[in-house]
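Just below is one structure, and these are the notes that go with it.
The values are calculated or read from the model by the stated rules, or taken from the named source; none is laboratory data. Everything numeric in this text was worked out from a predicted model, so none of it was measured. Note: ideal-geometry Cβ built from the backbone for every residue, glycine included; neighbour counts use all protein chains shown.
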Amino acid sequence: MTRSNHAACPAPCGLISGTLAVGAGLALVGAGLLTQGPAPDYHHVFWMASALCLVALGGVIAVVPPSRETTGGRIDWAGAATLAVTLVLLLLPVSQGSTWGWTSPWTLGLFAAAAVSAAVWVAVERRVDQPMVDMAMFVHRPVLFTNIAGVLLGFGMFSQFIGITFLAQTPRELAGYGFSASVRGASVQYLLPGTVASLIAAQLGGTLVDRVGARVTLVAGSVSGVVGFLALALAHDTGWSIAAAGVLTGIAVSFGFATLPAFIVDGVPSHQSGIANGINSIARSVGSSTGSAVITTLLASNLLPHLPAGAPPLPAETQYTLVFTLGAVAFALVCGVALTGLNFHHTSPSPVLHTGGPEAAPRNPEQAPVPTATSS
């Protein structure tokens with residue numbers, strides 16, 4: 001066992017990040033319950049989300065203390081605006097491509113516009129004295145590979161959510177597979193076990209980051225994800241098998257989310273850890289949106305023939321096997337990234353990536369490092 005001389009992300013940090021998977025799972029369960037009934041209304045979901053945002057905002061103002069480190073500098077309004085435009089132009093066609101058509105003028109035009117906007121954003125960030133995002137951070141090894149892992153984890157998480165939800169609601173009497181579940185039944189019976197497992201695993205994942213290191217924890221979670229998705233791909237004909245596999249994939253997502261902040265904090269100077277974690281959150285969102293688009297496209301690409309008149313279009317069962325296999329591949333790639341691209345042990349502090357402005361000062365020398373035991 002070796003100890004990092006770098007300030008590492010403690011267990012509470014991993015717990016907080018791991019609960020992102022719990023929130024995502026509970027959101028789907030809550031949405032299923034709110035849209036259940038003779039007159040379902042999706043507006044209830046957005047009202048619930050708005051109320052939760054207000055509660056979270058009030059909690060932050062009342063409970064979260066201000067940062068003890070101040071770096072000064074100006075707000076990079078131009079960088080923030082161009083990044084926002086780039087993300088909208090990218091995620092809109094990703095989420096709507098299966099509806100518009102992947103070769104439609106709208107889809108291709110927005111992808112092209114996103115590429116142009118991204119180039120403008122990079123140019124803006126390279127010219128300002130105090131950029132919101134230091135471009136060198138993207139190619140810095142810990143940040144680059146952590147973001148790759150974030151994209152893959154987001155992809156895998158929504159492969160589980162959407163794949164299980166659609167499979168559970170498939171009418172068995174028409175398709176010959178599925179469970180004919182209602183929206184509420186799919187949420188509570190088939191998604192909730194994985195969400196509960198994520199909640200427990202979030203606490204365990206944060207503890208494991210401190211005890212055995214982020215790399216080992218991420219590998220363990222990835223293996224759990226591979227096993228869970230392979231079980232879904234090969235045996236998805238009973239309710240208990242779906243629930244058991246969902247528990248494994250839920251653990252995998254929570255372990256993954258618990259480790260990512262640890263890699264970020266260990267790999268960048270303290271004054272850049274906030275924006276680096278923010279970019280990683282965006283990477284997870286990009287992976288989730290991409291996963292949603294890919295899965296819905298796959299499920300719509302091979303439909304069952306000879307369905308009764310008026311029946312909804314239903315995918316062939318082999319499409320679900322393909323979807324869950326892609327989830328297993330995503331977690332196998334996460335494991336590969338953890339083993340080859342990420343290292344949670346440094347013999348010297350990370351270099352200061354940004355070279356301009358007073359905010360480029362190194363870590364506070366008076367801040368005592370938090371030694372973390374990691375596997376060598």
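Given the structure, is residue 324 more than 19 Å from residue 170 (Cβ to Cβ), among the aromatic types (Phe, Trp, Tyr) and buried (at least 23 other Cβ atoms within 10 Å of the Cβ)?
Criteria not met by residue 324.
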_Taking the condition of being in a helix (DSSP H, G or I), farther than 13 Å from residue 176 by Cβ and either among the polar types (S, T, N, Q) or modelled with pLDDT of 95 or more (or both), how many residues in the range 293-334 meet it?_
18
*Can you name the condition, by its number, that residue 248 falls short on among (1) at pLDDT below 90; (2) among the aliphatic types (A, V, I, L, M); (3) crowded, with 22+ Cβ neighbours inside 10 Å?*
(1)
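Hey, among 219, 212, 226, which residue is of a type in the set (Val, Ile, Thr), farther than 16 Å from residue 336 by Cβ and over 16 Å from the mean Cα position of the chain (by Cα)?
Selected residue: 212, the only one of 219, 212, 226 that is of a type in the set (Val, Ile, Thr), farther than 16 Å from residue 336 by Cβ and over 16 Å from the mean Cα position of the chain (by Cα).
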_the range 129-153 - residue that is small (Gly, Ala, Ser) and within 15 Å of the chain's Cα centre (by Cα) and, of those, nearest to residue 284 (Cα to Cα)_ = 150
*Just checking, which of 97, 59 is more than 26 Å from residue 272 (Cα to Cα), of a type outside the set (A, V, I, L, M), outside the structural domain of residue 280 (by TED's automatic domain parsing) and in a helix (DSSP H, G or I)?*
97
*Consider residue 204 against the criteria (1) part of a helix (DSSP H, G or I); (2) without any contact (Cβ under 8 Å) to a residue 60 or more places away in the chain; (3) closer than 28 Å to residue 36 by Cβ: it satisfies all of them except one. Which criterion is unmet?*
(3)
*What are the residues in the range 109-143 that are surrounded by 18 or more Cβ atoms within 10 Å (Cβ to Cβ), touching a residue at least 60 places away in the same chain (Cβ under 8 Å) and part of a helix (DSSP H, G or I), if any?*
137, 142, 143
*Which one of the conditions (1) part of a loop (DSSP other than H, G, I, E, B); (2) in contact with a helix residue (DSSP H, G or I) (Cβ under 8 Å, 6 or more places away or on another chain) does residue 78 fail to meet, given that it meets all the rest?*
(1)
*Mind counting the residues in the range 171-186 that are outside any loop (DSSP other than H, G, I, E, B) and exposed (fewer than 15 other Cβ atoms within 10 Å of the Cβ)?*
2
*Any chance residue 215 is crowded, with 17+ Cβ neighbours inside 10 Å, among the basic types (Lys, Arg) and in a helix (DSSP H, G or I)*: yes
*Does the range 209-218 contain at least one residue that is without any contact (Cβ under 8 Å) to a residue 40 or more places away in the chain and either of a type in the set (Ser, Thr, Tyr) or assigned by TED's automatic domain parsing to the domain that holds residue 303 (or both)?*
no
_Enumeration of residues in the range 258-287 that are among the small types (Gly, Ala, Ser) and either buried (at least 24 other Cβ atoms within 10 Å of the Cβ) or closer than 26 Å to residue 207 by Cβ (or both)_ = 258, 262, 267, 270, 273, 274, 276, 278, 281, 283, 287
*Report, by residue number, each residue of the range 258-292 that is more than 19 Å from residue 208 (Cα to Cα) and either outside any helix (DSSP H, G or I) or of a type in the set (D, E, K, R) (or both).*
268, 269, 284
